[in-house]
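The values are calculated or read from the model by the stated rules, or taken from the named source; none is laboratory data. Not measured: the values here are computed from a predicted model. As a convention, Cβ positions derive from the backbone with ideal geometry for all residues, glycine included, and neighbour counts pool all protein chains shown.
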Amino acid sequence: MSIHPSLKTKSGALAQHRNVLTRTERIAKLTAEERFSMEKNCALGLVKVRSIKAAAGKKKAKEAGETAAVDPKATAVAAPVDKKK
């Protein structure tokens with residue numbers, strides 16, 4: 001019996017960004033920020049921790065003259081032809 005396409009997972013599905021961290025991930029992040037210590041704090045009732053996705057840097061836009069000369073899809077405008085000959 002085959003698996004329904006909606007139930008299949010993508011190859012990188014487990015490595016994607018998650019909005020919710022596990023308790024151990026939250027404790028590790030709070031410990032790195034020096035906001036949690038096992039002696040003082042309890043592992044229950046932890047404070048909220050932001051999970052920010054690192055965005056890739058945007059590429060710089062080329063000058064308008066360069067893109068027109070390099071773009072292979074750009075179409076040249078033909079001059080009107082005089083048919084009165």
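General observations
- Options VAL47, VAL81, VAL70; residue that is at pLDDT below 60 and β-branched (Val, Ile, Thr): VAL70
- For region 30-42, the set of residues classified as in contact (Cβ under 8 Å) with a residue 12 or more places away in the chain and assigned to a loop (DSSP other than H, G, I, E, B) consists of ARG35 only.
- Residues considered: ILE3, ILE27. Of these, the only one that is in a loop (DSSP other than H, G, I, E, B), at pLDDT 75 or above and of a type in the set (Val, Ile, Thr) is ILE3.
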